[in-house]
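Everything below concerns the one structure shown next.
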Amino acid sequence: MSNIKSDLTFFDCNVFIGRHQNPYIDSPFNISILEDTMIASGLSGGLIYHSASFLYDASYGNKILLDEAKGKTEFKLVWIALPEYCTPETNAENFISQLKKNKISAVKIFPRYHNFNVVTGSLDLLFNFLSEEKIPLLADQEEISWEEIVYILNRYNEMPFLLQNTGYRMERYIIPFFDKYKNFYLDISRYQAHGGIEYLCGQFGSDRILFGSGMPVFSAEPIMMMINYADISLKEKQNISSNNIIRLLGNE
Amino acid sequence: MSKTDYEIIDAHAHVGSYFQFPIRHNEIKEIVETARSYGIIKMCASHLINFVYDTGDGNQLTQDAMTEYADFFLFGGVLDPSESEIEIENKYLAINPNVCMWNELHPALHQYPISGRGYKFILDLIRKDPKPVLVHTDESDKFSKPGQMEELIKRYPEIPFIIGHSGNVIGGFEIAIEIVKKYENAFLDSAFSRNYLGLMKRMIDQVSAEKILFGSDMPFLNGAAEIGKLYESGITDNNRQKIFHDNSAELLRIK
C-alpha cells in the first residue's frame, strides 16, 4: 500500500532486475523483491530488463529475464540488443524471431558501455524491424550521443524512441527533439525540473512523457509525487503515469 | 490541487534564474504559489545570483522577496569568501539582522574550498550571533567535499551546520552521515536529486529523523519530487513530521 495518496495508476517504464550498484538496498534485486517494492510503492507494473544483459552478456541476461519473469503478467519485457545480433549473415533474423516468439515489448541499447556506435549502421536491420512493428527502442541518455539520437530519429520515424534517465539539466538538448520528432519520448525518472512537466505538456502535449523510476537504483516516490502535484489536468497526469506506455506497448 | 498532510518548512530553497538550464516559473509569486500548493508554509531562500555573479545584488534581491512575502519567506543570507574581509564584514553587518539562516555557503560555485581562510573569517563573524549555516557539499567537487566540513563543525560548536545535499553522491552520503552521527551541531539536508532507493531510510536509521532537515532546493529542483522521497516505504508518519516541520521549526525558531 503506497504512502502516496493518488487516484492515478502508475506503470513504470524504467526498471531492471538483477545485480546493481545501489549500496542502500540488497543486491541482487530479484523479481520477487521488485514485486514487493512495487506493491509498497503502489505501482501496477513495469517494463523491465535484466542487468546481466547490460553488465555481462546480452543473450545470457535476455534468457534469464524470460526465466525470472515467467508467469508475471504485470511485467513487460525488454531485451538488450548488440550489433552482432543484427548482421545479415548471422543473427538478425534469429534475434528478430526470438523477439516475436518471446513477446518482447521493447529493445534497449547501451552503445557506450557495449562499445559501438549507432551511426555506423550496425543496428539498422533491427531498427527496420522495430519500425515496421512499432516496437519502442530505449536508451539511457548517458549511453548514447545526441548525434546518434538524431541518426535514429531521422531514419526511423515510425519507431518510438524512448530516452531514459535524462537529467533535469539537459532540457536545452531535449526540447528540439520534442519539437522536431513525433516519435521522441521522454522517461522522466531523472527529469526533476521545476515546472518541467507543466512546460512539456503545454508545449508538446502529454502523450510523449512517461513515468519511470529507475529502480532499483532510484526510488519511484519522488517521480510519482512530481506527477501527482504537477499543475496539469487529470487526463494529462493519467497519460504520463500509465496511459502512454500502455499505448506504446500496443496494449491499449 | 493536492497537498500533503504536513505543514512543511523548507530549509533550503532559492529564487531566481540559472545559466546552465532554464528555470521556468521563477518569478517570486510563482515560486510562492507552487510551494504553497505542495504544502510548504515557510521557505528559507536565497537568490541564485548570489552564487554566480554578485552577493550585493543577490542579498538585496532576496531582501525584496522577503519584504513582499514576509509571512512566507525567511531570509537566507549569502557571503562570498573570495571577497575582501572588509567587503564581507560590511555585507555581514548589513544583512545579519534579517538573516534567519546562512543559506547557503557555496564552495563549488564560489570556487573556494570549505577549509579556506575566507570561510573561517565568515564563520568567525557568524559565531558572534550564531545562526544555522547551510553549506553546499558534493563529494565529486574538489571545493565542497563533505569531509572538509568536519574541521569547521568541530571548531564552531555554537553554530548548527547543515551539510547541504548531504554529500550529494554515493561516497559523500556516507561521509556526511558519519559526521552528523559524531557532532551534535551537524545536520543532514534532504535536498539532493539522486534519490537512491533506500537512501532516505538509511539516513534516518543512521542519524535519526531529528537530525535531518527538509530542503526542496526549489527552483533548482522540483519541490514535489523532493517531498516525494520522504514517502518511500519504511518511513513513518512521525519521522516525516519531524523532517518536514519540527526540526526546522526548532532550529530556525519558528513558532
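If you rank A:GLU89, B:GLU85 by fewest surrounding Cβ atoms within 10 Å, what's the result?
If I rank by nearby Cβ atoms, fewest first, I get A:GLU89, B:GLU85.
Can you tell me which of A:ASN102, A:ASN239, A:ASN228 moves the most in a GNM of chain A? Springs connect C-alpha atoms under 10 Å apart.
Checking each option, the largest mean-square fluctuation is seen for A:ASN102.
Report the label-to-label distance for B:GLU33 and B:ASP129 in nanometres (one decimal), using points 7 Å from each Cα along the Cα→Cβ vector.
Output for this residue pair reads 3.5 nm.
Divide the volume of the convex hull of the Cα atoms of chain B by its number of residues and quote the answer in cubic angstrom per residue. Display every interim value, and only then the final one.
Details: hull volume 29.1 nm³, N = 255.
It is 114 Å³ per residue.
How high is the relative contact order of region A:10-248, given as a whole-number percent (alpha carbon pairs under 8 Å, six or more residues apart)? List each step's numbers first, then the result.
Details: 406 pairs, mean separation 44.7, N = 239.
Worked out over region A:10-248, it gives 19 percent.
Could I have the simple spin-label model distance between B:ASP237 and A:GLU147, label points 7 Å from Cα toward Cβ, reported in nm to one decimal?
The modelled label-to-label distance comes out at 5.7 nm.
Normalized C-alpha radius of gyration of region A:136-178, against 2.2 N^0.38 Å?
On the way: Rg = 9.9 Å, N = 43, 2.2 N^0.38 = 9.2 Å.
That works out to 1.08 for region A:136-178.
Rounded to two decimals, what is the ratio between the C-alpha radius of gyration of region B:94-198 and 2.2 N^0.38 Å?
On the way: Rg = 13.0 Å, N = 105, 2.2 N^0.38 = 12.9 Å.
It is 1.01.
Mind telling me which of B:ILE40, B:ILE28, B:ILE162 comes out most flexible in a GNM of chain B, alpha-carbon contacts under 10 Å?
B:ILE28
Considering only DSSP beta bridges where both residues belong to the protein assembly as shown, give the percentage that are antiparallel (nearest 5).
Numbers: 2 of 51 bridges.
Bridges in the protein assembly as shown are about 5 percent antiparallel.
Evaluate region A:96-252: find the radius of gyration of its Cα atoms, find its Kirkwood radius, and give the ratio Rg to Rh. Kindly include the intermediate steps, with their values, before the conclusion.
Numbers: Rg = 15.3 Å, Rh = 16.1 Å.
So for region A:96-252, dividing Rg by the Kirkwood Rh gives 0.95.
Work out the FRET efficiency for A:ILE175 and A:LEU234 from their Cβ-Cβ distance, taking R0 = 30 Å, and round it to the nearest 0.05. Walk me through the intermediate numbers first.
On the way: r = 25 Å, r/R0 = 0.84.
Here the calculated transfer efficiency is 0.75.
When only Cα pairs under 8 Å and 6 or more residues apart are kept, what is the percent relative contact order across chain B? All intermediate terms of the calculation are to be shown ahead of the outcome.
Values: 492 pairs, mean separation 46.1, N = 255.
Relative contact order comes out at 18 percent.
Could you work out the relative contact order of region A:131-252? I mean the mean sequence separation of Cα pairs under 8 Å and 6+ apart, divided by the number of residues, in percent.
Relative contact order, region A:131-252: 22 percent.
Over the Cα atoms of region B:104-155, what radius of gyration and what Dmax do you get, in Å?
10.4, 32
What ranking do B:THR34, B:THR137 get, fewest neighbouring Cβ atoms within 10 angstrom at the top? Spell out each step's value before the answer.
Numbers: B:THR34 23, B:THR137 33.
Fewest-to-most ranking of B:THR34, B:THR137: B:THR34, B:THR137.
Can you put A:PHE10, A:PHE129 in order, fewest other beta carbons within 10 Å first?
Working: A:PHE10 26, A:PHE129 20.
Result, fewest neighbours first: A:PHE129, A:PHE10.
Kirkwood hydrodynamic radius (Cα pairs, Å) of region B:186-240?
Values: mean 1/r = 0.0880 Å⁻¹.
One over the average 1/r among Cα pairs gives 11.4 Å for region B:186-240.
Across region B:86-210, how many lysine pairs separated by 8 or more positions, or lying on different chains, have Cα atoms within less than 23 Å?
Lysine pairs satisfying the spacing and distance rule in region B:86-210 number 23.
Considering the alpha-carbon set of the protein assembly as shown alone, what are its Rg and its Dmax in angstrom?
23.8, 78
Read-outs: derived from the displayed coordinates by stated rules, not from any lab. Please read all numbers here as calculations on a predicted model, not as lab measurements. Methodologically, a virtual Cβ is constructed for each residue, glycine included, from the backbone with ideal geometry; neighbour enumeration extends over all protein chains shown.
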